[in-house]
Every structure is written in structure tokens, then in C-alpha cells.
């Protein structure tokens, strides 16, 4: 009998790796405003969900061993330690960049190529999934190890998100200066969840629009 099937039949599943209804109520850090925010899973649901594809290919029974250990690992992807409230783009537009202070947007470089989710997937592969070796039975030490490593990943990436929100002087400065020539290639940094932010246009400055409208003479 495969180890993972044996565990499934003899012990209760402890780990939770999918979103559950109402998980947002567990989020007690970061930013929150109805309609202008989202609760972000720091160890991303998709990164954890695709773990089998990231497992080492050798030894061949390692994947089953990791899955069996995870089955009885008491860790919840929807727990407060793995959630942070992040603003949407509209929040910064609505507050004219005033609120929140130094938090990236949940809509910028989240699921893009080499964005935040890819970064988490790579980290989990290198620091969590590849940290175990196959054994004939599940060891409590490996269960504890997996729980601690998953929590450590949450701590690591929470820190990265909070640090990224301060880049180039932070969100307030960069929003206020986004139309300045000196900020053309850096204003968007603190709004990005990614390690290497994608270039973004600041849009048209209101002062320029006002100037254009004043020059337009409409017939009566």
C-alpha cells in the first residue's frame, strides 16, 4: 500500500491548502476597506497547490512521503499568520496616494511572469519541498519541520511585501511625484508586489489636462 493512501485511511487530514469561505475574516494585519482591498495569502494558494510539480524527481517515492507528511501537518493556509490585507489600485486613486502607507497593490506584479507568486513557488521548492528525504514511515520530526518551514515562508514574504512598499521613498512620495521627470522609472516600485517591478505609466497629469481644456474653444 502506498504510504500516502495508508496515512489517508488511518489518520485525520490536518493541513488546509485551499481557500475556505469567509477566510477574509481571519485577516487582521495590513489594510482593509470594503471594495478597495483584498486579503492576500502570503504562501500563495496556487504555489502550494502546484507543489507536486515542484517536488524532486528522485527518489521516486519522495513525493508520496512529502504528501503523507503534509496530510498530518497542522497548518492552515487561511490562518492569520498567512494573510495580509492589501489595497487595490482604486484605493490609491481614491485616496490620492495617501492611504495606505507603504503597502503594494494586490493587483500589481502578483501573478505575472516572475512576479510574486512565481517567487513564492521557487522559494517553497528550494526551502520546503526539497528539505525532506523519503522514509518508510512518517516521522513527527518531519511534520514539525514542514509546519515550521511553511510558517517561516509566510514570515519571509510578509517582510518582503512590507519592505517593497517602502522602495524609492514609499507610496506617498512616489504617488505625489509620479509625473515628475526624475520619477518616471521608479514611481511604481512601492506599488509592486514583485521583486523586479514592471514599468507602469503614471497616466496624464491633471495640470496637463487642465491646460488642454483651457485651450479648447467649444462653439455655443
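The values are calculated or read from the model by the stated rules, or taken from the named source; none is laboratory data. Fair warning: this is a prediction, and the values are worked out from it, not measured in the lab. Every residue, glycine as well, gets a Cβ built from its backbone with ideal geometry; the counts of neighbours run over all protein chains shown.
Overview of values
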{"read-out": "Flag if residue 128 is closer than 18 Å to residue 42 by Cβ, buried (at least 19 other Cβ atoms within 10 Å of the Cβ) and free of Cβ contacts under 8 Å to residues at least 60 places away in the same chain", "value": "yes"}
{"read-out": "Sole residue being part of a helix (DSSP H, G or I), farther than 30 Å from residue 101 by Cβ and more than 16 Å from the chain's Cα centre (by Cα), chosen from 136, 147", "value": "147"}
{"read-out": "Residue under evaluation residue 85, criteria (1) surrounded by 15 or more Cβ atoms within 10 Å (Cβ to Cβ); (2) not in a strand (DSSP E or B), criterion not met", "value": "(2)"}
{"read-out": "Verdict on residue 99 being at pLDDT 95 or above and crowded, with 21+ Cβ neighbours inside 10 Å", "value": "no"}
{"read-out": "Every residue from the range 94-119 that is assigned to a helix (DSSP H, G or I) and either touching a helix residue (DSSP H, G or I) at 6+ places or on another chain (Cβ under 9 Å) or more than 30 Å from residue 201 (Cβ to Cβ) (or both)", "value": "116, 117, 118, 119"}
{"read-out": "Per-region count, the range 32-82, residues farther than 25 Å from residue 100 by Cα, in contact (Cβ under 8 Å) with a residue 24 or more places away in the chain and not in a loop (DSSP other than H, G, I, E, B)", "value": "16"}
{"read-out": "Residue 110 vs. criteria touching a strand residue (DSSP E or B) at 6+ places or on another chain (Cβ under 6 Å) and either surrounded by fewer than 19 Cβ atoms within 10 Å (Cβ to Cβ) or touching a residue at least 40 places away in the same chain (Cβ under 8 Å) (or both)", "value": "no"}
{"read-out": "Filtered residue count, the range 150-181, keeping only those that are surrounded by fewer than 18 Cβ atoms within 10 Å (Cβ to Cβ) and either part of a loop (DSSP other than H, G, I, E, B) or at pLDDT below 95 (or both)", "value": "5"}
{"read-out": "Selection within the range 1-28 - in contact with a helix residue (DSSP H, G or I) (Cβ under 8 Å, 6 or more places away or on another chain), surrounded by fewer than 14 Cβ atoms within 10 Å (Cβ to Cβ) and either within 29 Å of residue 171 (Cα to Cα) or at pLDDT 80 or above (or both)", "value": "13, 18, 19, 28"}
{"read-out": "Verdict on residue 122 being free of Cβ contacts under 8 Å to residues at least 40 places away in the same chain and either in contact with a strand residue (DSSP E or B) (Cβ under 8 Å, 6 or more places away or on another chain) or not in a helix (DSSP H, G or I) (or both)", "value": "no"}
